[in-house]
Amino acid sequence: MEGNHMTSSMPQGRSAHLPEGSESMPALSIAGLHKVFGDMVAVNHIDLTVPQGSFFGVVGPNGAGKTTLLSMSVGLLRPTAGQVKVFGIDVWAKAIRAKTLLGVLPDGLALPERLTGRELLTFLGRLRGLDPTTVAQRSEELLAVTGLTKAERTLVIDYSTGMRKKIGLATALLHNPKLLVLDEPFEAVDPVSASTLKTILQRFVAAGGTVVLSSHVMALVEQLCDSVAVIANGSVAAFGPLDQVRAGRSLEETFMQLVGVEVSGEEQLSWLAS
Ligand SMILES: Nc1ncnc2c1ncn2[C@@H]1O[C@H](COP(=O)(O)OP(=O)(O)OP(=O)(O)O)[C@@H](O)[C@H]1O
């Protein structure tokens, strides 16, 4: 077991490279992933495969199990049962090797907050084993494309929610991962920044990277993703290429039908605004 730490044994200045023989492996393969909190099943024996080069969307209602699923997929939350491999590498048995290939934007990202954005990127880049010149160069570019250069002197603790998402994405990209797993990356991000983030992610996929993201915004998933998984009650309600899943309808219509939310009758909340 290689452990579960952020520091890596990557050579100085080198970015993550795919392990030999992994070219045809799925970017992410999830088998029988299961998580129980007390007596509550949050994720119920899920199997999913994300091929390399995919832009993969995970959607589902509140509490469906998306964050739990993604957290287990990247080695942040230990599953009750099941296995996850990143480019054929087990994220628990070979955590460090797997994590050099992964860029993660977790839900409720806990960052060292008493640092500026640049200091944070420098700190994390050095922890990742990147050389100082590479870290400085990439930090400069990442701060510029995320629009955070002007907040140069602002400590992360004073960032807005959207700024935190953006610096979180910058930290996920810094070591040039092969697979990005992003939990609600567009939440609280303004439309101009969202457009920039979309472009960054599309460029990442066009260059051969793989993105898995969760979102509640169906239009955004339809715009960006080529494949989707709809999660409901901890299980996969539908999974596959976007066009196949939505079958001629909008993703929103498909989603509503799959998760089967009952629209409440007029009698409910009748006291409201009466
Ligand atoms: N640490 C925890 N302890 C106990 N229950 C948890 C824990 N984390 C998640 N849960 C429960 O597991 C279920 C799935 O939660 P999860 O956060 O994965 O859903 P989600 O699909 O990401 O929801 P949302 O869209 O609201 O973010 C929920 O019922 C939640 O209350």
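The values are calculated or read from the model by the stated rules, or taken from the named source; none is laboratory data. What you see is a predicted model; the values in this text were computed from it and never measured. With ideal geometry, Cβ positions are generated from the backbone for all residues, glycine too; neighbour counts draw on all protein chains shown.
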Search result, residues across the range 198-232 that are in a strand (DSSP E or B) and in contact with a Ser or Thr (Cβ under 6 Å, 6 or more places away or on another chain): 210, 227
Quick one: which residue in 197, 242, 201 is touching a Cys at 6+ places or on another chain (Cβ under 8 Å) and in contact (Cβ under 8 Å) with a residue 24 or more places away in the chain? 242
Search the range 174-197 for residues being outside any loop (DSSP other than H, G, I, E, B) and small (Gly, Ala, Ser), and hand back the single one that is nearest to the chain's Cα centre (by Cα). 194
May I ask you to list the residues in the range 11-70 that are of a type in the set (Asp, Glu) and at pLDDT below 95? 20, 23, 39
Farther than 25 Å from residue 215 by Cα, touching a residue at least 40 places away in the same chain (Cβ under 8 Å), surrounded by 18 or more Cβ atoms within 10 Å (Cβ to Cβ) and out of contact with any strand residue (DSSP E or B) (no Cβ under 9 Å at 6 or more places or on another chain) - does that describe any residue in the range 96-115? yes
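Tell me whether the range 81-97 contains one or more residues that are within 16 Å of the ligand (Cβ to nearest atom), at pLDDT 95 or above and out of contact with any helix residue (DSSP H, G or I) (no Cβ under 7 Å at 6 or more places or on another chain).
So the first thing to find is which residues in the range 81-97 are within 16 Å of the ligand (Cβ to nearest atom), and the list is 81-82, 84.
The next check asks that each one be at pLDDT 95 or above; those that pass are 81-82, 84.
Narrowing further to those that are out of contact with any helix residue (DSSP H, G or I) (no Cβ under 7 Å at 6 or more places or on another chain): 81-82.
Checking the range 81-97: at least one residue is within 16 Å of the ligand (Cβ to nearest atom), at pLDDT 95 or above and out of contact with any helix residue (DSSP H, G or I) (no Cβ under 7 Å at 6 or more places or on another chain).
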Take the residues of the range 233-263 that are within 15 Å of the ligand (Cβ to nearest atom) and not in a strand (DSSP E or B): which is nearest to the chain's Cα centre (by Cα)? 234
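On the basis of being touching a His at 6+ places or on another chain (Cβ under 7 Å) and within 12 Å of the ligand (Cβ to nearest atom), does residue 62 make the cut?
So residue 62 fails the test.
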Only one of 146, 161, 122 is free of Cβ contacts under 8 Å to residues at least 40 places away in the same chain, surrounded by 15 or more Cβ atoms within 10 Å (Cβ to Cβ) and among the β-branched types (Val, Ile, Thr); which? 122
Restricting attention to the range 219-232, and to residues there that are closer than 19 Å to residue 82 by Cα and under 18 Å from the mean Cα position of the chain (by Cα), which single residue is surrounded by the fewest Cβ atoms within 10 Å (Cβ to Cβ)? 229
Inside the range 65-80, can you point out the residues that are closer than 20 Å to residue 104 by Cβ, assigned to a loop (DSSP other than H, G, I, E, B) and more than 6 Å from the ligand (Cβ to nearest atom)? 74, 75, 76, 77, 78, 79
